[in-house]
Amino acid sequence: MPVSRRTFLKFTAGAVSCSAFTGLGISLAPAMAQAEILKFQKTTITTTVCCYCAVGCGLLVHTADEGKGRSVNVEGDPDHPVNEGALCAKGAAMRQMAENKARPPKPMYRAAGAKEWKEVEWDWAYAEIAKRVKAERDASFTLKNSKGETVNRTETMVSLGSAALDNEECWSYQAIQRALGLVHIEHQARI
Ligand code: SF4
């Protein structure tokens, strides 16, 4: 039976862990096996790319309830040519981006001059952002520069973000910004 790199690493990692405790006269094999079963039971594995930096390490995301539930585990993809299963500390903590009780579940808004942030509804936030973007774009849009050359741009608006986006999302995002006429478009992963 052919053994993939992913399968090989999974079993050798388990063997090394077990043998370390076996040296102390303690067998963790049943507990580890049970933990592995619980962690991966009915999970769906999806491949993705780490969004934190330009290295672009590959990840495996285990999602509960046969892919309909929440992520239960994220780890390096041993078959990915960039990282071959390894991850730095940021990538290894990737699951916290989606599964984190410390993250506010709704947008937080602080009005101009206000001291406190308040929770607002998503629909209100989307509508407010769209309204303000349109108003600023309409007010600042420049058809021609001082030489009479067509520029079709706005220079009073900037875009910064987002390191939480993958390549495809970044492409869609910048395309929308350029369609609006923005020329100051930056990604904070480069800063
Ligand atoms: S795991 Fe670390 S090195 Fe790899 S892409 Fe993510 S941040 Fe970059």
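When the residues of region 57-96 are filtered to those that are under 30 Å from Lys118 (Cβ atoms) and among the polar types (S, T, N, Q), which remaining residue is surrounded by the most Cβ atoms within 10 Å (Cβ to Cβ)? This residue is Ser71. Here Leu165 does not qualify as in the same structural domain as Thr47 (by TED's automatic domain parsing) and closer than 30 Å to Thr63 by Cβ.
Leu59 fulfils the conditions (1) within 11 Å of the ligand (Cβ to nearest atom); (2) in a strand (DSSP E or B); (3) modelled with pLDDT under 95 except for a single criterion, (3).
Could you please find all residues in region 72-129 being in contact with a Lys or Arg (Cβ under 9 Å, 6 or more places away or on another chain), within 16 Å of the ligand (Cβ to nearest atom) and of a type in the set (Gly, Ala, Ser)? Listed by number, the residues that qualify are Gly85, Ala98.
The values are calculated or read from the model by the stated rules, or taken from the named source; none is laboratory data. These numbers were taken from a predicted model, which means no experiment stands behind them. Here Cβ is always computed from backbone atoms with ideal geometry, including for glycine, and neighbour counts include all displayed protein chains.
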